[in-house]
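The values are calculated or read from the model by the stated rules, or taken from the named source; none is laboratory data. The structure displayed is predicted, hence computed values, not measured ones. Glycine gets a Cβ as well: all are built from the backbone with ideal geometry, and neighbour counts include every protein chain shown.
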Amino acid sequence: MPGKMISLEVDSTESVDNVKKMIQQTEGIPIDQQRLFVQLEDGRRLRDYNIQNGSTLGMVAMAPIAKPKIQLFVKTLTGVIKLEMQASDTVQNVKMKIQEKRGGLCPTKQYLLYKGIQLCEHLTLSDYNMHDEAVLYLIIRPLIPRNESKIILAIEGGKTIELDVKKITDTVHSVKWMIQAVEGIPVNAQQMLFKGTFLKDNVPINDLWFGQPLNLSLKPQFNFDSKC
């Protein structure tokens, strides 16, 4: 009867032999096949159980307790990747899972963000207090020097951020998506300006590049608190 639990009403002065007889009557297990154990609590001392020199302890190997899994939603520019992870998994483990799902996408090209923070590979999901159905953002970056393609973005309200982009393939739309991942401002609530002119989403960043770094302005279309 693995895992079965029964309840008995006994007096504290009752003998172990009588307890075994009660078990035999209720469960049909012969007395000579019964071995009774008391589960020892980790924080107690041996003397609390009157365990002395020469005492014999019995051990029952328990099946490992399954660790609860959490589901992650990793948003990319083209869709959402669903992952099942454990809170003890590291960010590096998450990147390896993404590599499996996305046909060999190298972890060194992955930037993962959670609540606007870039995640460190050696830290665990529990270190970031991630809950079930947490939403992460994945930004895929080429292995290029950081100063090769840089945008300095002035957000209305006085905040300034820096972003690394690909001059050749990135567009205003992809930059807006990066801003959503970092600052939490929805793409459809962003108005981006270059030298006072509003930019369309399909404009290539390369068309705006006249020197390093590129300075753009962002005007959110609603009152936004980046701390939320």
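Values as computed for the structure displayed
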| item | result |
| --- | --- |
| Residue list for segment 94-119, restricted to those being under 18 Å from residue 182 (Cα atoms) and either among the small types (Gly, Ala, Ser) or in a loop (DSSP other than H, G, I, E, B) (or both) | 115, 116, 119 |
| Candidate set: segment 67-79, residues that are surrounded by fewer than 12 Cβ atoms within 10 Å (Cβ to Cβ) and not small (Gly, Ala, Ser); chosen: the one farthest from residue 180 (Cα to Cα) | 67 |
| Matching residues, segment 46-101, being basic (Lys, Arg) and either in contact with a strand residue (DSSP E or B) (Cβ under 7 Å, 6 or more places away or on another chain) or touching a residue at least 40 places away in the same chain (Cβ under 8 Å) (or both) | 67, 69, 75, 82, 95, 97, 101 |
| Residues that are surrounded by 12 or more Cβ atoms within 10 Å (Cβ to Cβ) and either at pLDDT 85 or above or hydrophobic (A, V, I, L, M, F, W, C) (or both), drawn from segment 116-128 | 119, 120, 121, 123, 124, 125, 126, 127, 128 |
| Selection from segment 120-141 of residues that are closer than 17 Å to residue 81 by Cα and either in a strand (DSSP E or B) or without any contact (Cβ under 8 Å) to a residue 60 or more places away in the chain (or both) | 125, 134, 135, 136, 137, 138, 139, 140 |
| Some residue of segment 48-66 being loosely packed, with under 11 Cβ neighbours inside 10 Å, of a type in the set (Ser, Thr, Tyr), assigned to a loop (DSSP other than H, G, I, E, B) and in contact with a helix residue (DSSP H, G or I) (Cβ under 9 Å, 6 or more places away or on another chain) | yes |
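Each row is one residue, and each column tells you yes or no for (1) in contact with a helix residue (DSSP H, G or I) (Cβ under 7 Å, 6 or more places away or on another chain); (2) surrounded by fewer than 13 Cβ atoms within 10 Å (Cβ to Cβ); (3) modelled with pLDDT under 80; (4) outside the structural domain of residue 118 (by TED's automatic domain parsing).
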residue	(1), (2), (3), (4)
170	yes, no, yes, yes
183	no, no, no, yes
189	no, no, no, yes
199	yes, no, no, yes
203	yes, no, no, yes
207	no, yes, yes, yes
210	no, yes, yes, yes
228	no, yes, yes, yes
